[in-house]
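Enquirer: Below is a structure I'd like to ask you about.
The values are calculated or read from the model by the stated rules, or taken from the named source; none is laboratory data. No experiment lies behind these values; they were computed from the predicted model shown. Note: ideal-geometry Cβ built from the backbone for every residue, glycine included; neighbour counts use all protein chains shown. The area values use the complete protein model at the heavy-atom level, side chains included, leaving out ligands, DNA and RNA. Shrake-Rupley method; radii C 1.70, N 1.55, O 1.52, S 1.80 Å.
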Amino acid sequence: GAGGGADFTSRLPVAWQTAGLLKGVIALLDAPQAVALLRTASAVATKRMVGDAACAEAFVNEGGLAALRRACGSAAPPATQEQSARTLGNLACHEGLAGRLVDAGCVSPLVERLSSDRQPLVEAALCAISNVSDNPEARVELVTRGLPTLLTLCAHDASAIHLQASWLLCLLAASAESSKTLLADAAALPAMFAHARRPSDSAQEEAAWAL
């Protein structure tokens, strides 16, 4: 009944760790031969579960980051890529996990997904990258491997994309690890000035801070 469902849901974080579900979800997420719908469902379940700090830690300790890195890669179904990117973004919100995500090589597939023609996937990748952007290594990887794509996204029609991309651009410009590489691209300064001209106080403040 409804009561039983609510009770089970309230205990899901504990069940996920203790009932063998964790390893099963990771295995399914990392199974290229699995039906695309099942892999995506596994990614969605993981995204929800890692909202719990204990589950997030358990997931990482079980080797889940390697599975997510591959599930976010180009060989995975597009829907699985998107949900895996969102999961990485959620994991990065927990204290101490953003650095482990970077160390596990998860930034690389996120940067690659920025060039997708699927807007929800690009949004998911941008959000995840933003959540690890406090890490210097993540900023270096973004500016060295993803700068041309990021500059293109700064002029994207969708505000959810161009505002997030421009914020990241400003962050790269203001960071010692990435500013020199960024400013070597002739399109970087015009992109920041364009951000400064947007009718938004936050956009103008971000651009002023970077410039």
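Enquirer: Quick check on Gly64: is it farther than 25 Å from Ser115 by Cβ and under 16 Å from the mean Cα position of the chain (by Cα)?
Expert: Yes: the conditions hold for Gly64.
Enquirer: Where residues in region 63-109 are touching a Leu at 6+ places or on another chain (Cβ under 8 Å) and of a type in the set (D, E, K, R), which of them is surrounded by the most Cβ atoms within 10 Å (Cβ to Cβ)?
Expert: Result: Glu82.
Enquirer: Now for a different question. Just to verify a result, which residue in region 155-168, among those that are open to solvent by 60 Å² or more (accessible area, probe 1.4 Å) and under 13 Å from His195 (Cβ atoms), is farthest from the chain's Cα centre (by Cα)?
Expert: For region 155-168, the residue satisfying everything is Ala155.
Enquirer: Given (1) touching a residue at least 12 places away in the same chain (Cβ under 8 Å); (2) at positive phi, identify the lone condition not met by Gly96.
Expert: The number of the failed condition is (1).
Enquirer: If you don't mind, there's one more thing I want to ask. Kindly indicate whether Ala176 is hydrophobic (A, V, I, L, M, F, W, C), open to solvent by 10 Å² or more (accessible area, probe 1.4 Å) and either closer than 22 Å to Ala66 by Cβ or out of contact with any His (no Cβ under 9 Å at 6 or more places or on another chain) (or both).
Expert: The answer is yes for Ala176.
Enquirer: Might you let me know whether region 145-154 holds any residue that is without any contact (Cβ under 8 Å) to a residue 12 or more places away in the chain, out of contact with any His (no Cβ under 6 Å at 6 or more places or on another chain), assigned to a loop (DSSP other than H, G, I, E, B) and open to solvent by 60 Å² or more (accessible area, probe 1.4 Å)?
Expert: no
Enquirer: Scan region 118-144 residue by residue and report those that are open to solvent by less than 10 Å² (accessible area, probe 1.4 Å), under 17 Å from Ser178 (Cα atoms) and touching a Ser or Thr at 6+ places or on another chain (Cβ under 7 Å).
Expert: Within region 118-144, just Val143 meets the criteria.
Enquirer: For region 10-123, please list each of the helices (runs of 4 or more DSSP H) lying entirely inside it that holds at least 2 residues being modelled with pLDDT of 90 or more and among the β-branched types (Val, Ile, Thr).
Expert: Because the criterion is at least 2 residues that are modelled with pLDDT of 90 or more and among the β-branched types (Val, Ile, Thr), the helices (runs of 4 or more DSSP H) in region 10-123 that meet it are 36-49, 78-92, 107-113.
Enquirer: Let me ask something additional. Taking Ala186 and the conditions (1) surrounded by fewer than 21 Cβ atoms within 10 Å (Cβ to Cβ); (2) in a helix (DSSP H, G or I); (3) more than 20 Å from the chain's Cα centre (by Cα), which numbered condition does it fall short on, given that it satisfies the others?
Expert: (2)
Enquirer: Can I ask one more? Given the conditions (1) part of a helix (DSSP H, G or I); (2) farther than 26 Å from Pro77 by Cα; (3) open to solvent by 20 Å² or more (accessible area, probe 1.4 Å), report the number of the one that Ala203 does not fulfil.
Expert: So the condition that Ala203 fails would be (3).
Enquirer: Return yes when Ser115 is under 15 Å from Cys72 (Cα atoms), open to solvent by 60 Å² or more (accessible area, probe 1.4 Å) and free of Cβ contacts under 8 Å to residues at least 60 places away in the same chain and no when it is not.
Expert: yes
Enquirer: So is Ala43 free of Cβ contacts under 8 Å to residues at least 60 places away in the same chain and touching a His at 6+ places or on another chain (Cβ under 6 Å) or not?
Expert: Spelling it out, it is not the case that Ala43 is free of Cβ contacts under 8 Å to residues at least 60 places away in the same chain and touching a His at 6+ places or on another chain (Cβ under 6 Å).
Enquirer: Of the residues in region 169-183, how many are among the charged types (D, E, K, R), under 22 Å from the mean Cα position of the chain (by Cα) and assigned to a helix (DSSP H, G or I)?
Expert: Of the residues in that region, 0 qualify.
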